[in-house]
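A short worksheet on the structure shown next.
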Amino acid sequence: MNFLRIILFLFFSFCFGLLGGIWAQASLLPYMAVHQPFQDWGLIRSWNEKTIVVREVQREVIDGREGLERAVADVQKGIVAIQSSKGTRAIQGSGFIYASEGLILTLASIVPQGYAPVVYRENREFSASEVQVLKRDATSNLALLKINQTDLPTFRLAEKEDVKLGMSVFLLGAKIQSGQVQYRVDEGIIQQITPDTFIPTITAPILAGSALFDVQGRILGLTETTSQGNFHIIPVDRLREFLQPR
């Protein structure tokens, strides 16, 4: 009987201790943390420091998400949808405004020779007669268009050295669907840098001509897609090379 009493005593002591610890953590310590003179106790100071660290980490995660949302909102007005037609055939893709005078950078494969491109920016349509193909290069797969609109928002082109392994990036493109401009955004990080390009951790179907941005809203590259659904980033240094006057 004595042995059984000891076992029961230890069991109930453990249960009461566990419940007391939970109560102290949930109610007593938070109360003591905001009332004097308990705040000066070493145990309470230590508990407060641990609580603050957790809150700071949570705030950084929230700020990162808000930063991405702000970056997308800032650059969205400079993204255009493009549809090129030749008879019954049509090609869709995206591009971005390079200069405020109406210059747009896109893929040559979106505006091939013999096709009439129509550009859509926000709720405005620029017909084929309002769009000029100023430059087209099949080797680099880049093309420069001009629309009849000025004072447009533009982007800063990043430097090649700005691209870092692990940095946060996002793709933003636009297309025409049911007569409306529809935007698509995908986010990731730079997971690999090669001598010719860099590879982000984005695997979703990509819209050809989508622009790759960092979270500061700088252009890092332009995406081209393959018939197999894969995509390749044309890096910013290739964009600069194409845009150089010849």
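Being surrounded by 20 or more Cβ atoms within 10 Å (Cβ to Cβ), touching a strand residue (DSSP E or B) at 6+ places or on another chain (Cβ under 6 Å) and of a type in the set (A, V, I, L, M) holds for only one residue in LEU144, LEU157, and it is LEU144.
Filtering the range 191-239 to residues that are of a type in the set (Phe, Trp, Tyr) and at pLDDT 90 or above leaves only PHE213.
Working only within the range 224-246, note down all residues that are assigned to a strand (DSSP E or B) and under 20 Å from LEU165 (Cβ atoms). Scanning the range 224-246 gives PHE231, HIS232, ILE233, ILE234, PRO235.
Restricting attention to the range 171-192 and to residues that are of a type in the set (A, V, I, L, M, F, W, C) and surrounded by fewer than 21 Cβ atoms within 10 Å (Cβ to Cβ), the residue that is nearest to the chain's Cα centre (by Cα) turns out to be VAL185.
If you go through the range 125-138 and keep only what is without any contact (Cβ under 8 Å) to a residue 12 or more places away in the chain and part of a strand (DSSP E or B), you end up with just GLU125. Within the range 193-200, the presence of a residue that is of a type in the set (S, T, N, Q), surrounded by 21 or more Cβ atoms within 10 Å (Cβ to Cβ) and touching a residue at least 24 places away in the same chain (Cβ under 8 Å) is excluded. When restricted to residues that are of a type in the set (Asp, Glu) and within 15 Å of SER168 (Cβ to Cβ), the range 190-214 contains 1.
Is it the case that ASN123 is outside the structural domain of LEU220 (by TED's automatic domain parsing), surrounded by fewer than 21 Cβ atoms within 10 Å (Cβ to Cβ) and closer than 25 Å to ASP214 by Cβ?
Spelling it out, it is not the case that ASN123 is outside the structural domain of LEU220 (by TED's automatic domain parsing), surrounded by fewer than 21 Cβ atoms within 10 Å (Cβ to Cβ) and closer than 25 Å to ASP214 by Cβ.
The values are calculated or read from the model by the stated rules, or taken from the named source; none is laboratory data. Please read all numbers here as calculations on a predicted model, not as lab measurements. Cβ: placed from backbone, ideal geometry, glycine included. Neighbour counts: every protein chain shown.
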